[in-house]
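To start, the structure under review is shown below, and the notes come after it.
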Amino acid sequence: MFSKVLERFRLKWKSYRHRFLPWIVLNMSKNEKTLRQVKGRCEDKLIPDEAVSRKLLQLFRVLHGANHRAELGNFRCQVMSDKGHCVHDAMFQSLGFCIDRKPSTLPHAGTGVFVTRGLVPKGATVAMYPGTIYQAYEPILLQSIRNPFVFRCIDGVLVDGNDKGISKIVYNSCSGRDQMGPFTTNDTTWLTSTPQNPLAVGQYVNNCSNEMPANVCYQEFDVSDTFPIEFRYYLPNVNYSPLSQRPLRCVVLVSLRDITEGEELFSNYYTIVHSKRQNKEVRE
């Protein structure tokens, strides 16, 4: 009996450790070539925020247009698999590539994200990290228990990308609270197997390993007030606090090189270097 429990724990740990920050810190010296050093949030930008916003709007316009044409034609994708095809066709049309979730090629890493169609050019916005946004002072203890999907930004803001359990309940609750009349200000479909925003699978991108170097990296992106309200429906993030005066924080993944069809996405983690004599702070 004890051996079965121990074996079950061992298998769960092998899957969880690839997202467990202390384990990453202890093992990063074995894979130094994948680390990226930055001095602060302003240097975290591989591409300008304007480029990120432009690409997101490019995709959202195509998705919005497809949904509008479907309504005018009194036609909807009734079968979930057909709906997925519609969404991914819109993604390929607007961005030139498609991504999707599949079992990871990394041993015991669970689910991963793959390029399933087309070519991802270097510097492209490849995916988004969905979830509830917590400021550094907001409570997240219960949601964080046994949760490998909590992402920490440079300034201490946390993104809970878990699509199950209490995290799912919290996100749905905050989403319903923030609706503005007929306009829904965020997307909840990333909590399902068929997200209407096909980029909203970034929480399933595994960290790189010795054998699998990083081909994408995280980049923080604050949504500006000028972002069209009719397209916020596709943003897979919501603020935990209804009184937050800060712009909505989003985290995207940007390609470090050209990524071909069939490749799995692997993210890197970077060190924040305060000075030559100070220690480095590692962020996943």
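The values are calculated or read from the model by the stated rules, or taken from the named source; none is laboratory data. Only a predicted model underlies this, so the values are computations on that prediction, with no experimental measurement involved. Note that we place each Cβ from the backbone using ideal geometry, even for glycine, and neighbour counts take in every protein chain shown. Side chains are part of the model used for accessible areas, which takes the heavy atoms of the whole protein and leaves out ligands, DNA and RNA. Shrake-Rupley method; radii C 1.70, N 1.55, O 1.52, S 1.80 Å.
Quick check on the stretch 250-276: of everything there that is open to solvent by less than 10 Å² (accessible area, probe 1.4 Å) and of a type in the set (Gly, Ala, Ser), which residue is modelled with the lowest pLDDT?
Applying the filter and picking the extreme gives SER267.
Just to be sure, is GLY156 open to solvent by 30 Å² or more (accessible area, probe 1.4 Å) and of a type outside the set (Lys, Arg)?
no
Out of the residues in the stretch 230-249 meeting the condition of being part of a helix (DSSP H, G or I) and modelled with pLDDT under 95, tell me which one is surrounded by the fewest Cβ atoms within 10 Å (Cβ to Cβ).
GLU230
I'd like to check something: does the stretch 130-148 contain any residue that is touching a strand residue (DSSP E or B) at 6+ places or on another chain (Cβ under 9 Å) and closer than 19 Å to PHE60 by Cα?
Scanning the stretch 130-148 turns up at least one residue that is touching a strand residue (DSSP E or B) at 6+ places or on another chain (Cβ under 9 Å) and closer than 19 Å to PHE60 by Cα.
Counting just the residues of the stretch 127-139 that are farther than 18 Å from LEU253 by Cβ and buried (at least 18 other Cβ atoms within 10 Å of the Cβ), which one comes out nearest to the chain's Cα centre (by Cα)?
This residue is THR132.
So, in the stretch 132-159, of the ones that are touching a residue at least 60 places away in the same chain (Cβ under 8 Å) and aromatic (Phe, Trp, Tyr), which residue ends up nearest to LEU243 (Cα to Cα)?
In this case the residue turns out to be TYR134.
Please work out which residue is modelled with the lowest pLDDT, limiting yourself to the stretch 159-175 and to residues that are crowded, with 18+ Cβ neighbours inside 10 Å and of a type in the set (S, T, N, Q).
Result: SER175.
Could you check how many residues of the stretch 160-181 are touching a residue at least 40 places away in the same chain (Cβ under 8 Å) and part of a strand (DSSP E or B)?
Qualifying residue count, the stretch 160-181: 1.
Give the number of residues within the stretch 186-229 that are open to solvent by 40 Å² or more (accessible area, probe 1.4 Å) and assigned to a helix (DSSP H, G or I).
1
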